[in-house]
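Worksheet: the structure to be examined is printed underneath.
Every number here is computed from the coordinates shown, using simple stated rules; none is lab data. Values in this document were obtained by computation on a predicted structure and should not be read as measured data. Because the Cβ atoms are built from the backbone with ideal geometry, glycine has one as well, and the counts that use them run over all protein chains shown.
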Ligand code: 5GP
């Protein structure tokens, strides 16, 4: 369907505050926020500030090639973070959305067995997600427009249009 869930930067600001409040109320104090690039980077930055966590790591995962079109499985792109850095740490995985949940599962599985504790926070979680995140701001089954991916493309001086 053409119906979209639209997240503005204003709403994003509120969502992050509310998500952080939920995590704090739950008593979870992560040592590391592990963001899933690229969308999860926005989420991780906001949560890390709000939760006073100064340690952000990043993993690059490639899965979606277009709206609703994916590779067969998500893959972690090099450089993959060193799991040793996470041993005995409480980790909070941060992403924009759990849709199929495959991306989060990949990163979650990477942490399990290595870290002291791992939980996940997302702005949106869809019904079909095979991972149930501990912290979810909103549930939806629409395609979501994120503020960082709906702006008109940047055009380089030589006319090259920089759209994904
Ligand atoms: P999953 O592995 O859970 O299917 O998808 C995870 C990633 O796919 C998200 O981090 C996001 O980058 C992208 N994605 C999945 N669903 C949507 C959506 O509804 N809108 C947008 N903009 N990206 C999505």
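Using only the alpha-carbon atoms, how far is helix 39-50 inclined from the longest principal axis of the chain? Give it as 0 to 90 degrees, nearest 10.
50
Distances longer than 15 Å among the Cα atoms of the stretch 29-115: what percent of all pairs is that?
56
Can you tell which of 64, 28, 135 shows the greatest fluctuation in a Gaussian network model of the chain with Cα springs below 10 Å?
With Cα springs under 10 Å in the chain, the top fluctuation among 64, 28, 135 is at 64.
Hey, what did the stretch 109-155 get for relative contact order, percent, Cα under 8 Å, at least 6 apart?
Details: 34 pairs, mean separation 13.1, N = 47.
Over the stretch 109-155, the number comes to 28 percent.
At a 10 Å Cβ-Cβ cut-off, how would you order 32, 84, fewest neighbours first?
Working: 32 23, 84 7.
By the 10 Å Cβ count, ascending, the order reads 84, 32.
Taking the chain as the reference, fit the longest principal axis to its C-alpha atoms, fit the long axis of helix 102-111 to the helix C-alpha atoms, and give the angle between the two in degrees, 0 to 90, nearest 10.
Rounded to the nearest ten degrees, it is 30.
Pull up the DSSP beta bridges for the chain and report the antiparallel fraction as a percent, rounded to 5.
Percent antiparallel among DSSP bridges in the chain is about 25.
For the stretch 53-94, evaluate the Debye formula with one uniform point scatterer on each Cα (no solvent term) and list log10 I(q)/I(0) at q = 0.26, 0.27 Å⁻¹, rounded to two decimals.
Relative scattering, expressed as log10 I(q)/I(0), comes to -0.98, -1.01.
Give me 61, 154 sorted ascending by neighbouring Cβ count inside 10 Å, so fewest comes first.
154, 61
I'd like to know how the chain sits against the 2.2 N^0.38 Å rule of thumb: what's its Cα Rg over that expected value?
Against the compact-globule rule of thumb, the ratio is 1.04.
Round to the nearest 0.05 the FRET efficiency obtained for residue 70 and residue 25 when R0 = 41 Å and r is the Cβ-Cβ distance.
0.75
Helix 9-25 sits at what angle to the longest principal axis of the chain, using alpha carbons and giving 0 to 90 degrees rounded to 10?
The angle comes out at about 10 degrees.
Quick one: among 103, 140, 70, which has the greatest mean-square fluctuation in a GNM of the chain with alpha-carbon springs under 10 angstrom?
Of the options given, 70 has the highest mean-square fluctuation.
Over what distance in Å are the Cα centres of the stretch 146-164 and the stretch 23-65 separated?
Using only Cα atoms to place each centre, the spacing works out to 25 Å.
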